[in-house]
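**Q** Let me begin by handing over the structure; questions about it come next.
The values are calculated or read from the model by the stated rules, or taken from the named source; none is laboratory data. Treat the numbers as computed from the prediction; the structure is a model and nothing was measured. FYI the Cβ positions are ideal-geometry reconstructions off the backbone, even for glycines, and counts take in every protein chain you see. Only protein heavy atoms, including side chains, enter the accessible area calculation; ligands, DNA and RNA are left aside. Shrake-Rupley method; radii C 1.70, N 1.55, O 1.52, S 1.80 Å.
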There are 2 protein chains.
Amino acid sequence: MEDETFDDITEDSSVGPAQRVFHALSSAPRRKILAYLSASGLTAGEIADRFSMSKPAVSQHLSILEAAGLLRREKQGQFVHYSLIENNLVNTLNGFVQEVCPVGRPIKKESQARARRKESP
Amino acid sequence: MEDETFDDITEDSSVGPAQRVFHALSSAPRRKILAYLSASGLTAGEIADRFSMSKPAVSQHLSILEAAGLLRREKQGQFVHYSLIENNLVNTLNGFVQEVCPVGRPIKKESQARARRKESP
DNA sequence: AAGGTAATTAGGTAATTGCTTAATTAATGA
DNA sequence: TCATTAATTAAGCAATTACCTAATTACCTT
C-alpha cells in the first residue's frame, strides 16, 4: 500500500521518466524555455532568438525537453512549432514531493497560500 | 503584479537558489537520499550504508543537498546527523510550477486528486 | 596520550556536458 | 529548378561531473 512510493525514485539505473524530467529541469536555459512556452507556443527560431547561444545549442535543449515529455514538437511547413505539455511536469514534481514530504500536505498548503496571496495582495 | 513570475527563472547567471535546488534534484542518488530522510533523520554513515558507492561520494552528495538548503547537518558527537528541510524543496518546486503552469491550478488539482486517491483506494 | 571510529577534504581520472562551427535535410517561392 | 530560409545532425573541444583511493580532522574510550 505504500510500496509504490519509492519505486519511482529507485528507478535509479537505466534512465527512467522521472530522471529525464529532473535532468531536463536542471538547466537554467531549459527552465527558461519552459517559462517562455508557458505564455504561448513558439517556433524553434523564435525560441532561439531569445537566447544568446547558437541555434543548434537551443535545438539540443529542445530535444532534451521533448525527450522528457515536457513539450510537444509540431512541424508546420518549414517551421517547427513547440508548445508545453503541462501534465508530465506537474505529475513528476508533485509525485516527487509527495514522496519526500509526508502525506503531500506541504505543497498543497503552499499552493493554496500562494493562490490566496495572488487574490488579495 | 506579474513581474515577479520570471525573476526566479531569469536568475540564469551566477548560480542562485533555484538553480542549486534543481541541480541537486537532477541526481538519482541525491533524490534517493531525500527519500530516505523523509522517513527519518540519519547519520552520514547510515546513509552511506544504503548505497554501493564510497563514503566520500555520498558525503559529496550530502553537501550538495545541504548547499541547496534541502537538508540540515547537525554534528552530534563524532556523528553527523542529517535531516530534511521540506520548506525549500516545496517552495522552489511549487514556485516553478506556478511560473510554468498557468495560475498554479494544475498542481493543486493534482495534489488533491492524489490525496483523494490515497484516502479511498 | 594512544588507538579506533566517523566523517570530510584532497588529489586524480574517465566519462559527460554544453557549447561551438560546418554540413545536411527539408520546405518555400522566384 | 535553383536559391533561400528553418531546423537538425555531425564533429570536435574545453570545462565539469561523479566517482575512486589516500590523507586528514575530530571525537570518543581506555
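**Q** What gaps in nm, shortest first, separate A:Ala67 from its twins in the other copies when you place the label 7 Å past Cα toward the beta carbon?
**A** Distances between equivalent label points, in nm: 2.5.
**Q** Now a separate question. At a 1.4 Å probe, which residues in region A:30-58 are at least 10 Å² less accessible with all protein chains present than in their chain isolated?
**A** A:Arg31, A:Lys32, A:Leu34, A:Ala35, A:Tyr36, A:Ser38
**Q** Follow-up. What gaps in nm, shortest first, separate A:Lys55 from its twins in the other copies when you place the label 7 Å past Cα toward the beta carbon?
**A** 5.5
**Q** Could you tell me the convex hull volume per residue, in Å³, taken over the Cα atoms of region A:42-99?
**A** Cα-based convex hull of region A:42-99, divided per residue, equals 86 Å³.
**Q** Taking the rotation axis that maps chain B onto chain A, which residue of B brings its Cβ closest to that axis, and at what distance in whole Å?
**A** Residue nearest the B-to-A axis, with distance in whole Å: B:Ser26, 2.
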